[in-house]
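Step one of this worksheet: look at the structure below.
The values are calculated or read from the model by the stated rules, or taken from the named source; none is laboratory data. Please read these numbers as outputs of a predicted model, since none were measured by experiment. Methodologically, a virtual Cβ is constructed for each residue, glycine included, from the backbone with ideal geometry; neighbour enumeration extends over all protein chains shown. To get the accessible areas, we keep the full protein, side chains included, count just its heavy atoms, and leave off ligands, DNA and RNA. Shrake-Rupley method; radii C 1.70, N 1.55, O 1.52, S 1.80 Å.
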Amino acid sequence: MQKMELEKWNRRKTYEWFHSFSNSTYSMSVILDVTKLKKHTENTKESFFIDLLYIIVKGLNSIEEFRMRLVNDEVVIYDDIHPAFTVMTNLGTFENVRHKNHKDFKDFYKTSYDHIEKAKQQTEIKKENYNPQNCYDEYYITCVPWTNFVQMTHPIPDDKASQCIPRICIGKYEKQDHKYCMTLNITVSHILVDGYPLSKAFNQIQELLNNIEQTLKR
């Protein structure tokens with residue numbers, strides 16, 4: 001993790017402007033082509049969700065702005081950001097799951113699978129808070145696999161440090177003509193992320209989906 005020197009940052013003016021907002025977040029939804037991913041998971045019997053989770057984290061981590069956070073009112077850049085995502089338990093309620101990121105796909109898949117299966121078997125919801133305090137090196141990821149949405153909003157706290165943690169929502173994939181499409185929503189803080197890096201993130205994720213065999217190479 002390294003600290004950003006604001007005095008040398010060519011984006012300082014934009015940072016200070018949006019830092020003054022009570023809610024600095026904005027959201028964008030993009031339709032992704034997940035045809036190759038669907039075919040891959042059908043052939044390998046892998047989890048569509050875990051494979052996509054790996055792709056999203058890998059894509060976002062390739063964009064420096066998505067590894068920036070506001071910690072103690074200072075901008076820092078993490079070397080790596082980890083996934084934190086919702087899992088439907090057998091109780092019919094959601095539990096937040098988090099684990100260390102693995103750049104190796106095989107390690108990532110096994111770690112995610114083990115955490116998801118453990119969460120599913122919970123007989124009661126954990127009493128601790130959904131998100132630990134001062135845990136900024138994460139992406140908050142959720143999924144709405146029952147419907148394909150056009151746009152959505154996330155509940156956003158007043159805390160600026162929390163606002164700077166990107167929030168991602170995955171929609172239901174549906175067949176359109178001869179391909180499968182899915183909405184991906186990303187919410188970011190304008191304190192740290194402008195439209196250009198946000199667009200780069202969507203494009204990078206689609207590029208990883210387009211080259212699925214290389215992306216998910218074991």
- Query: For the range 17-26, which residues satisfy the criterion of being open to solvent by 40 Å² or more (accessible area, probe 1.4 Å) and touching a strand residue (DSSP E or B) at 6+ places or on another chain (Cβ under 6 Å)?
  - Reply: none
- Task: Could you identify the single residue in Ser62, Ser24 that is in contact with a Phe, Trp or Tyr (Cβ under 7 Å, 6 or more places away or on another chain) and under 25 Å from Cys169 (Cα atoms)?
- Result: Ser24
- Item | Selection count where residues are among the polar types (S, T, N, Q), assigned to a strand (DSSP E or B) and either within 19 Å of Val193 (Cα to Cα) or open to solvent by 60 Å² or more (accessible area, probe 1.4 Å) (or both), scope the range 74-107 | 0
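Each row is one residue, and each column tells you yes or no for (1) part of a loop (DSSP other than H, G, I, E, B); (2) touching a strand residue (DSSP E or B) at 6+ places or on another chain (Cβ under 8 Å); (3) loosely packed, with under 14 Cβ neighbours inside 10 Å.
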{"position": "Met152", "(1), (2), (3)": "yes, yes, no"}
{"position": "Ile156", "(1), (2), (3)": "yes, yes, no"}
{"position": "Ile165", "(1), (2), (3)": "yes, yes, no"}
{"position": "Thr183", "(1), (2), (3)": "no, yes, no"}
{"position": "Thr187", "(1), (2), (3)": "no, yes, no"}
{"position": "Leu192", "(1), (2), (3)": "yes, yes, no"}
{"position": "Tyr196", "(1), (2), (3)": "no, no, yes"}
{"position": "Phe202", "(1), (2), (3)": "no, yes, no"}
- Message: Take Asn148 and tell me if it is open to solvent by less than 70 Å² (accessible area, probe 1.4 Å), modelled with pLDDT under 95, of a type in the set (S, T, N, Q) and in a loop (DSSP other than H, G, I, E, B).
- Response: yes
- Query: Can you spot a residue in the range 55-65 that is open to solvent by 40 Å² or more (accessible area, probe 1.4 Å) and in contact with an Asp or Glu (Cβ under 9 Å, 6 or more places away or on another chain)?
  - Reply: yes
